[in-house]
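Here, each number is a calculation from the coordinates, and none is a lab measurement. For clarity, every value in this text was computed on a predicted model and none was experimentally measured. Here Cβ is always computed from backbone atoms with ideal geometry, including for glycine, and neighbour counts include all displayed protein chains.
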Amino acid sequence: MAKEKILVIGASGQIGVELTQALREIYGNSNVVASDLREENELLRGTGPYVSLDVMNKEMLHVQVIRQNITQIYLLAAILSATGEKNPGLAWHLNMQGLLNVLDIAREEKLQKVYWPSSIAVFGPTSPKLNCPQQTIIEPITVYGISKYAGEFWCNYFHRRFAVDVRSIRYPGLISYKSSPGGGTTDYAVEIFYEALESKKYKCFLKADTYLPMMYMPDAIRATIELMEAPADKLTIRTSYNVSAISFSPSEISNEIKKHIPDFEVQYSPDYRQTIAESWPQSIDDSIARTDWGWKPEFDLEKMTRDMLRNLDGIS
Ligand code: NAD
Ligand code: SER
């Protein structure tokens, strides 16, 4: 393997912590530089280099890329769907300008590869609800979804026009226990575990029967690394790949948790996030990712729930 030096931007976030850990396992601690606006996450402290970095400051980003001899960037800094609706201008600015800064620098410095995640939020109310295909009607209603869809086409443009090897996945809602989620509509599926363990009660901000595509973090990290390691000539999608794992509703995940915590109770009090959730598909067709780079999820709802509870509280 050629010597790689990786910069993870947004390394203190829900995905960033676990992705940085996984990349350090593969490439060696000193070859993966974690960076964020926030302070370094405690799980990463002492495990490798950390720099404080604002992706919006292109000059400073460029200096770091040159100074650290960076060959690959994983760009995770973004504002997610629910927080984005509270400040649409800021969400658009960060999600677009951050990506353009990284793509420009990747082109100028001839970086080996760039990773940038998109989301199921690109889909809107006119997209198919079940097994939503890779290519279909895409009319997002959130600023987050609009920014992700525009970002996908910037990635495609930089690949076609400037040969930047940028790769992307449309993640479903991600469930994890190492670092808290950052303001998405799917965050209920993480909160529910903490509340079940702490108070045995949870007030859910989505309706009981709201099905959404979801994935457990170990699957998401593996998908990311498998896509990034795939031979470039196998990749037929240069916008962003659909990937899929599990589809469940708040009612289904509550029932699964009740198998371990029988007196757990959930109340439903839908808020503005219900409209966002209802605009997204309930399940995703990821057959192109399966064909192109062999994607296959490992965790279903039952296995994920057991693993979450075991890791959060030792329940088996
Ligand atoms: P997060 O909010 O948990 O983490 C984002 C990190 O970026 C935070 O630590 C934040 O401090 C940092 N950041 C924000 N502004 C920054 C700036 N200007 N410069 C540097 N860092 C900055 O988000 P996440 O859940 O880890 O998501 C990472 C990426 O994956 C995002 O692009 C998101 O849209 C995408 N995604 C996430 C999910 C999910 O369920 N978590 C699903 C689909 C797509
Ligand atoms: N989990 C993300 C969100 O809810 C999906 O991109 O915003």
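At most 14 other Cβ atoms within 10 Å and a DSSP loop assignment: could you name the GluC sites (Glu not before Pro) in the range 15-47 that fit?
On the way: sites: 18, 25, 39, 40, 42; in loops: 39, 40, 42.
Counting only loop positions with at most 14 other Cβ atoms within 10 Å, the GluC sites (Glu not before Pro) in the range 15-47 are 39, 42.
Could you work out how much longer the chain between residue 296 and residue 110 gets when fully extended? Use 0.36 nm per residue separation minus the Cα distance between them, nm to one decimal.
Numbers: separation 186, 0.36 × 186 = 66.96 nm, distance 3.14 nm.
Answer, rounded to one decimal: 63.8 nm.
What residues from the range 171-212 fall in the zone where the backbone N is under 16 Å from a label point 7 Å along the Cα-to-C-beta line of residue 265?
In the range 171-212, the label zone of residue 265 (backbone N under 16 Å from the point 7 Å along Cα→Cβ) covers 195-204.
Pop a pseudo-label 7 angstrom from the Cα along the beta-carbon direction at both residue 130 and residue 255 and give the gap in nm to one decimal.
1.7
Report the gain in length on full extension from residue 42 to residue 274: 0.36 nm times residue separation, minus Cα-Cα distance, nm rounded to one decimal.
On the way: separation 232, 0.36 × 232 = 83.52 nm, distance 3.30 nm.
Length difference between fully extended and current span is 80.2 nm.
Calculate, in nm to one decimal, what residue 25 and residue 287 gain on full extension: separation in residues at 0.36 nm each, minus their alpha carbon distance.
Numbers: separation 262, 0.36 × 262 = 94.32 nm, distance 2.89 nm.
This chain segment gains 91.4 nm when fully extended.
Show me, for the range 278-283, the HN-Hα J-couplings you get by feeding each phi into the Karplus relation (A = 6.51, B = -1.76, C = 1.60, θ = phi - 60°), rounded to Hz, glycine and proline as x.
Coupling constants for the range 278-283: 5, 7, 9, x, 8, 8 Hz.
Could you work out the local net charge near residue 162, counting Lys and Arg as +1, Asp and Glu as -1, over the other residues with Cβ closer than 14 Å to its Cβ? If you can, show how the numbers build up before the last one.
Numbers: positive: 107, 110, 113, 160, 161, 238; negative: 104, 108, 109, 165.
So the surrounding residues net to +2.
Tell me the net charge near residue 258. Cut-off is 12 Å between Cβ atoms, residue 258 excluded, with +1 for each Lys or Arg and -1 for each Asp or Glu. Don't jump to the answer; show the numbers that get you there.
Numbers: positive: 200, 259; negative: 252, 256, 263, 265.
For residues surrounding residue 258, the net value is -2.
What does the charge add up to near residue 117, with Lys and Arg as +1, Asp and Glu as -1, over the other residues with Cβ less than 9 Å from its Cβ? Before the final figure, lay out each step's value.
On the way: positive: 148, 170; negative: none.
Here the charged neighbours net out to +2.
If amide H atoms are built 1.01 Å from N in the plane of the peptide, which residues on other chains or at least 5 residues away come under 5 Å of the amide H of residue 171?
For residue 171, the qualifying residues are 118, 119, 120.
Identify which of 169, 284, 26 has the largest mean-square fluctuation in a Gaussian network model of the chain, with springs joining Cα atoms closer than 10 Å.
In this elastic network of the chain, the residue with the biggest mean-square fluctuation among 169, 284, 26 is 26.
For residue 234, which aspartates and glutamates qualify as cross-link partners when the Cα separation must be under 14 Å and same-chain residues fewer than eight apart are set aside?
Result set, ordered by chain and number: 165, 226, 292.
Given a Förster distance of 22 Å, report the FRET efficiency between residue 198 and residue 311 from their Cβ-Cβ distance, rounded to the nearest 0.05. All intermediate terms of the calculation are to be shown ahead of the outcome.
Details: r = 15 Å, r/R0 = 0.68.
With a Förster radius of 22 Å, E is 0.90.
With r defined as the distance between the Cβ atoms of residue 67 and residue 150 and R0 fixed at 30 Å, what FRET efficiency is calculated, to the nearest 0.05?
On the way: r = 30 Å, r/R0 = 1.01.
Efficiency for this residue pair is about 0.50.
Quick one: which of 109-117, 77-85 comes out on top by average Cβ neighbours within 10 Å, and what's the full order, highest first?
Details: 109-117: 19.4, 77-85: 23.8.
Top of the packing list down: 77-85, 109-117.
Only four residue types carry charge here, +1 at the Cβ of Lys and Arg and -1 at the Cβ of Asp and Glu. Report the dipole size of the chain about the Cα centre in Debye, rounded to the nearest 20. Mind dumping the intermediate values first?
Values: 33 positive and 39 negative charges, 119 e Å.
That gives a dipole near 580 debye.
Work out the count of Lys pairs in the range 7-155 where the Cα-Cα distance is under 23 Å, with the pair 8 or more places apart or on different chains. If you can, show how the numbers build up before the last one.
Details: 58/110; 58/113; 58/148; 86/148; 113/148; 129/148.
Lysine pairs meeting the criterion: 6.
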